[in-house]
């Protein structure tokens, strides 16, 4: 009887401990979720405040008493934001497509082809990741300027068509494919190019989709390089447009209109992530698994 009572008491304590742990976990996740989502809430809130009411606030208000959509209209009328959208779309699509071809061929070469000095070359490639981006930007700026490619889409695109990290990620995935498939394909007379696009690329599709999405986000959010290499409105990207809107505040920064532009610009990326978030998680997990 005593043993049963002690066992029952131990079960209750274990159940209580698990319940407390679950509640604490949920509370911590809820707090973390609020911390992560609050900037988005503040961005949307600011975008629906009028320019006058926003500047009149001595203490930031967490609720908009007189919401307005005028800032969204100002975002598109104060600067040619629609043109910047088009420029950004062109820049993003061409850069992503070019980079995808480059990294697929490079990853295939490092994963499947045998050539002298392959390991040394790949080690040098990886060491490039240790170089600060600021140094690369300076070098790229000098090179593009010397080639006379400032204020051109070519100058915007060229420095972004490769990525050491994406090559490494895709190489790791290519190496997960059994060598027997390659040998069988060669016995059947399949060329390396056909084997790459008919076998390896479809198998590694989740990782490739991840790379494409991450590159699209990177290009869409690009700020420093477009600001540095372009001073012609015909080649401005949305990042340039946001800065213009911010400075178009009649002597003060037009933060509400800028936030409205940020909301509009962020929508495509949010939708893209919501649609493909499972593929992103799967691709990243595949890239971190080998053997």
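Please report, ordered by residue number, the helices (runs of 4 or more DSSP H) entirely within the range 1-96 with at least 3 residues that are touching a helix residue (DSSP H, G or I) at 6+ places or on another chain (Cβ under 6 Å) and surrounded by 10 or more Cβ atoms within 10 Å (Cβ to Cβ). Reasoning before the result, please.
Working: elements: 2-47, 51-56, 70-77.
Those helices (runs of 4 or more DSSP H) span 2-47, 70-77.
The rows are residues; the columns are (1) more than 16 Å from the chain's Cα centre (by Cα); (2) free of Cβ contacts under 8 Å to residues at least 12 places away in the same chain; (3) closer than 29 Å to residue 86 by Cβ.
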{"position": "163", "(1), (2), (3)": "no, no, yes"}
{"position": "184", "(1), (2), (3)": "yes, yes, no"}
{"position": "190", "(1), (2), (3)": "yes, yes, no"}
{"position": "200", "(1), (2), (3)": "yes, no, no"}
{"position": "203", "(1), (2), (3)": "yes, no, no"}
{"position": "208", "(1), (2), (3)": "no, no, yes"}
{"position": "220", "(1), (2), (3)": "no, no, yes"}
{"position": "228", "(1), (2), (3)": "yes, no, yes"}
{"position": "235", "(1), (2), (3)": "yes, no, yes"}
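Of all the residues that make up the range 241-286, how many are over 25 Å from residue 166 (Cα atoms) and at pLDDT below 70?
The number of residues fulfilling the criteria is 7.
Name the residue, out of 104, 157, 144, that is out of contact with any helix residue (DSSP H, G or I) (no Cβ under 6 Å at 6 or more places or on another chain) and part of a helix (DSSP H, G or I). Write out each step before concluding.
On the way: 157 fails: out of contact with any helix residue (DSSP H, G or I) (no Cβ under 6 Å at 6 or more places or on another chain); 144 fails: out of contact with any helix residue (DSSP H, G or I) (no Cβ under 6 Å at 6 or more places or on another chain).
On inspection, the qualifying residue turns out to be 104.
Please verify whether residue 126 is in a helix (DSSP H, G or I), assigned by TED's automatic domain parsing to the domain that holds residue 229 and free of Cβ contacts under 8 Å to residues at least 60 places away in the same chain, treating the condition exactly as stated. Show your work before the answer.
Values: in a helix (DSSP H, G or I): yes; assigned by TED's automatic domain parsing to the domain that holds residue 229: yes; free of Cβ contacts under 8 Å to residues at least 60 places away in the same chain: yes.
The answer is yes for residue 126.
Which ones in the range 155-190 are buried (at least 19 other Cβ atoms within 10 Å of the Cβ) and within 14 Å of residue 105 (Cβ to Cβ)?
Hits for the range 155-190 are 163, 166, 167, 170, 171, 174.
For residue 124, state whether it is surrounded by 14 or more Cβ atoms within 10 Å (Cβ to Cβ) and out of contact with any strand residue (DSSP E or B) (no Cβ under 7 Å at 6 or more places or on another chain).
Numbers: surrounded by 14 or more Cβ atoms within 10 Å (Cβ to Cβ): no; out of contact with any strand residue (DSSP E or B) (no Cβ under 7 Å at 6 or more places or on another chain): yes.
In short, no.
The values are calculated or read from the model by the stated rules, or taken from the named source; none is laboratory data. No experiment lies behind these values; they were computed from the predicted model shown. Glycine also receives a Cβ, built like all others from the backbone with ideal geometry; neighbour counts cover every protein chain displayed.
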